[in-house]
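Please treat every number below as a calculation from the coordinates, not as lab data. Quick caveat, the model's predicted, so the values are computed rather than measured. As a convention, Cβ positions derive from the backbone with ideal geometry for all residues, glycine included, and neighbour counts pool all protein chains shown.
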Amino acid sequence: MSLEQFKNRNVGIQNYTTLDLGKSPETGMEQFTQVVKRTFKGDLFAGLGVIMKAMLKALFKGDMHTVKYPFEKLPISPRYRAIHDMLRLLESGNYRCIGCGLCEKICISNCITMDTRYDEEQRKEVSEYTINFGRCIFCGYCAEVCPELAIVHGGRYENAAEQRAGFSLFEDMLTPIDKLNLQQEYDGFGAVSPNADENIKQTPLAY
Amino acid sequence: MEHEAEVVSGYATEYSGMRWGMFFIGEYANMITISIIAAIVFLGGYDAASTFGWLFIMLKIAFFFFLMLWVRAAWPHVRPDQLMWLCWKVLMPLALVNILITALVILL
């Protein structure tokens, strides 16, 4: 949609056509002729035709408005707060978490548990990190407070699982090392969704 | 009156899972049965002598089934007064005319 079209706010006025309803019948004979006329006009079949056209367009011209959900997904907004992701440094492949413990402190539902220790090079390493997703309210404070952008909210919103332990361990949330090149950088708070351009519609204002 | 196109479609909102599924299995079984009966009664039914009799009755049944889905998609919620208008003032006179024409054909 070009800017010129977008600036034209008067949608609605120029597309209105007044319906010619004719005059309403007064005598019984006029009412009868109106019913007979409507009987043989076949307006109901026009409605069927519209639906048939829409169906053929959807099936054969790819103008489908629905999404086959488990196989296709709509892009979600980067602001969406789904299951957390633990990101890695792109250069070295190490996890970004420095074990500062801010996320554990700020977590208002006390669902983050972490343990750190000094490794042999006297660097802090995360020995244990779990998020109890039974308690997590997905407020996003942990991601907001993280100084290294190590913990972010990912796009995994299908939370049904057979075992709740499945996605709460550090290793489960960490980007797999072989998929490091596919790691998505967090866009930041306030980022627009990837299909934001398509979602823009003219507001039908008629003043 | 069933309001399928609306968010609250009557009792269907009060059920989920398989209980909801049972209602719809029932409805669709009903639709399939009606399609078969309509194909037999109105469209000539099954021709055992023809090679492709099985195929044609399948197509007839499919036509009636599709017709129901088509009508439901085209007019999701016909207002009761419009339905009354259609049935009493349009379909009923047409059916009477149909009876008259059939009687004339039999007479002659």
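Give the relative contact order (percent, whole number) for chain A; include only Cα pairs under 8 Å separated by 6+ residues. Normalised by residue count, the contact order of chain A is 29 percent. Report the label-to-label distance for residue A:90 and residue A:20 in nanometres (one decimal), using points 7 Å from each Cα along the Cα→Cβ vector. Between residue A:90 and residue A:20, the simple spin-label model gives 6.5 nm. Remark: relative contact order (the stretch B:1-77) = 34 percent; criterion is Cα-Cα distance under 8 angstrom and separation of 6 or more residues. Under 5 Å between amide hydrogens, built in the peptide plane, is the criterion, and for residue A:156 it picks out A:83 among residues at least 5 positions away or on other chains. Would you compute the Debye intensity of the protein assembly as shown from its alpha-carbon atoms alone, equal scatterers and no solvent, and pass along log10 I(q)/I(0) at q = 0.07, 0.11 Å⁻¹ to two decimals? After summing over all Cα pairs, the log10 values are -0.61, -1.01. If I fit a long axis through the Cα atoms of helix A:28-41 and take the longest principal axis of the Cα atoms of chain A, what angle between them do I get, 0 to 90°, rounded to 10? With both axes taken from Cα atoms, the answer is about 50 degrees. Centroid-to-centroid, using Cα positions, the stretch B:31-108 and the stretch A:103-175 are 62 Å apart. A dipole drawn for the protein assembly as shown from +1 and -1 charges on Cβ atoms has a positive end, and of A:59, A:199, A:80 the residue lying farthest that way is A:59.
In a simple Cβ point-charge model (Lys, Arg +1; Asp, Glu -1; nothing else charged), chain B has a dipole of about 220 debye relative to its Cα centre.
Measuring r between the beta carbons of residue A:121 and residue A:160 and using R0 = 35 Å, the FRET efficiency lands at 0.25.
Close amide-amide hydrogen proximity is noted between residue A:174 and A:86, each under 5 Å apart and 5 or more residues distant or on a separate chain (H modeled in the peptide plane; Pro and chain starts excluded). Excluding same-chain neighbours fewer than eight residues apart, the lysines reachable from residue A:37 by a Cα-Cα span under 23 Å are A:23, B:89. Note the angle between two axes, namely the Cα long axis of helix A:43-60 and the longest principal axis of the Cα atoms of chain A, as a number of degrees from 0 to 90, rounded to the nearest 10. Long axis of A:43-60 versus the principal axis of chain A: about 30 degrees.
Exposed loop sites were defined as GluC sites (Glu not before Pro) in DSSP loop states (anything but H, G, I, E or B) carrying at most 15 other C-beta atoms within 10 Å; in chain A the longest segment without such a site runs A:27-71.
Each of residue A:144 and residue B:27 was given a label point 7 Å from its Cα along the Cα-to-Cβ line. The distance between the two points is 4.4 nm. Label-to-label distance, residue A:64 versus residue B:55, with points set 7 angstrom from Cα along the beta-carbon direction: 2.8 nm. Note: the stretch B:1-77, Cα convex hull, 104 Å³ per residue.
Only alpha carbons enter this Debye calculation for the stretch A:24-66, each as an equal point scatterer, and the log10 of I(q)/I(0) it gives at q = 0.19, 0.28, 0.31 Å⁻¹ is -0.64, -0.89, -0.95.
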